[in-house]
Amino acid sequence: MMNQRKQMEQRIIEKAMKDEQFRERLMTSPNETIEQELRVKLPASLRINVLEEKPDSVYLVIPMTAHAHSDEELTEAELSNVAGGYGSGTDVETCGLPH
């Protein structure tokens with residue numbers, strides 16, 4: 001299932017890199033844009049945050065811990081329908097950060 005999620009994420013990222021209008025919609029209305037692109041219905045309680053990396057910023061996303069789970073935890077099926085940014089493919093070394 002994780003592989004399927006990564007494929008969906010990659011699809012969204014690649015389209016955002018090629019299509020400026022899609023990128024803008026993704027930034028302003030991520031849930032709706034992803035639903036339209038992937039033809040899925042996301043859970044109403046799911047909030048997708050889209051961040052655009054800049055030359056002077058890098059984002060590191062870490063998974064939630066086991067104790068952070070709540071009653072509103074998504075099922076594996078729901079997770080497989082979610083696409084979120086996990087990076088732009090930018091090498092950390094090129095961002096001026098130490099190895």
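Data overview
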| read-out | value |
| --- | --- |
| Pairs with Cβ under 6 Å, 6+ apart, first in the range 40-67 and touching a residue at least 40 places away in the same chain (Cβ under 8 Å), second surrounded by 10 or more Cβ atoms within 10 Å (Cβ to Cβ) and of a type in the set (Asp, Glu) | 42/35 |
| Matching option when the condition is surrounded by 11 or more Cβ atoms within 10 Å (Cβ to Cβ), within 21 Å of residue 25 (Cα to Cα), modelled with pLDDT under 95 and within 12 Å of the chain's Cα centre (by Cα), among 82, 40 | 82 |
| Selection status of residue 94, modelled with pLDDT under 95, polar (S, T, N, Q) and assigned to a loop (DSSP other than H, G, I, E, B) | no |
| Residues being loosely packed, with under 10 Cβ neighbours inside 10 Å and modelled with pLDDT of 65 or more - total across the range 46-74 | 14 |
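The values are calculated or read from the model by the stated rules, or taken from the named source; none is laboratory data. All of these numbers come straight from a predicted model, not from anything done at the bench. FYI the Cβ positions are ideal-geometry reconstructions off the backbone, even for glycines, and counts take in every protein chain you see.
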